[in-house]
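In what follows, a single structure is set out as structure tokens and then discussed.
The values are calculated or read from the model by the stated rules, or taken from the named source; none is laboratory data. Fair warning: this is a prediction, and the values are worked out from it, not measured in the lab. Counting neighbours? That spans all protein chains shown, and the Cβs are built from the backbone with ideal geometry, glycine included. Only protein heavy atoms, including side chains, enter the accessible area calculation; ligands, DNA and RNA are left aside. Shrake-Rupley method; radii C 1.70, N 1.55, O 1.52, S 1.80 Å.
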Amino acid sequence: MESRAAHFCSEIDKLHAKLLINVGVTTDWQRAEKEINQYVHSDLLQPANSHQEILNRIESIILEIVTSLSKAEAPVLALPNRSSWANISFDSAIGLQMSSRQSVTTIRADCPSSVTKFGEKMNFYFFSHNSVCLHRDIYYNNTKLFGSQKAVDSIVDDISCMLKVPRRSLHVLATSKGLISGDLCYMEEDGTRIDCHSSSTAVSVSSNISGIKNIVSSAKFVLIIEKDATFQRLLDDDFCTKISPCIIITGKGVPDVNSRLMVKRLWDELHIPIFALVDADPHGIEIMCIYKYGSVAMSFEAHSLTVPSVMWLGLLPSDLQRLRVPKDALIPLTKRDESKLCSLLERPYLTSQPEWQKEMKLMQQSKVKAEIQSLTAIAPDFLTQIYLPNKLRYGGWI
């Protein structure tokens, strides 16, 4: 039985060994780069050493506002532009990160179109408190001012970027939407012991990833799953114990920050292979890229959110042809899909991924996409009994 399990994991073990070598090289390189960056990129995101340091940064901004008012001038907030690719640089070891010379967006207190935004930022007094609060607490503190929960989320990110501190340093947490299960135990900051081994019930991803400690796992790999429905299917089939000790996690579509932080934390703690299982469509590929390389909006926190070692396990466009997935299970690409695909192929990180480019160009040529569930057209249990076991056994990732 042990030799059979060893044979099953042989390709995964080879990948694991390769990753460990790369981790050693990257760590040495990053150590040297960090010393250089202290001088060259001193204005990039730098975690504050203490709560007092964060308060000092806030007070500095408030002082500028008071000074403007004392001179009868309209106060102005300068926020780094978090939506422009022009502000982004790409590093293969980190992913998408905000440039040290980024353009800014100004919010003026005397401008009718931005006065509300200015008020929203200034109402964010929670940052000066020692107690931890949730995004929704801030929203319900003044629903008329903020208008929506989404607006609060954006404000938290804007101020975090402006202060050059990670969001968690502001003592503001977001409720997680992600789920996790498998060979994993850890302790929350409040001492609660979390066991993810249950084969029938998943655990919600923690809202305070930085507070997690005492992580224990014998997992051979982590599997990121795009959709909740696919995640539940693997859970129902007891995938994590039948195949090999592993951890499965889903952000239920586009991942929230906590799901990304959790994947990053697992990589930092365990250094085991991390695979992505997404739909064979532009949207699924982009979600995988967010885990691997990050996003433009959160590029200022790239160091704590990206995992460049993530591998594409499936569903590959070439799998659709190789497995002869029935044509009635395939979906024609829409104009929006084609546009998204072209946009993805122009991303800076794709130049270092020729195999990914090949798969995406195959999708362009075939003009079809497919969901993971399309594999049920071959057999109801094809995903968990045939597709994933063979992919993992024979190294079918890119």
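What the table below lists for this structure:
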quantity: Cβ-based net charge around Gly211, under 12 Å, with every Lys or Arg adding one and every Asp or Glu removing one; calculated: 0
quantity: Scattering curve values for the range 176-394, log₁₀ I(q)/I(0), Debye with Cα scatterers, q = 0.13, 0.14 Å⁻¹; calculated: -0.73, -0.85
quantity: Per-peptide average of other Cβ atoms within 10 Å, ordering 282-290, 134-142, 186-194 highest first; calculated: 282-290, 134-142, 186-194
quantity: Trp356, Trp397, ranked by accessible area, largest first (probe 1.4 Å); calculated: Trp397, Trp356
quantity: Value of relative contact order over the range 252-398, rounded to a whole percent, pairs C-alpha under 8 Å and six or more apart; calculated: 28
quantity: Length gained when the stretch Arg324-Ser154 is fully extended (0.36 nm per residue, less Cα-Cα span); calculated: 56.8 nm
quantity: Out-of-range pairs (alpha-carbon distance over 23 Å; input Lys335/Lys369; Lys227/Lys391; Lys18/Lys264; Lys14/Lys361; Lys340/Lys367; Lys18/Lys213); calculated: Lys14/Lys361; Lys18/Lys213
quantity: Environment charge of Asp279, counting only residues whose C-beta is closer than 15 Å and scoring Lys/Arg +1, Asp/Glu -1; calculated: -2
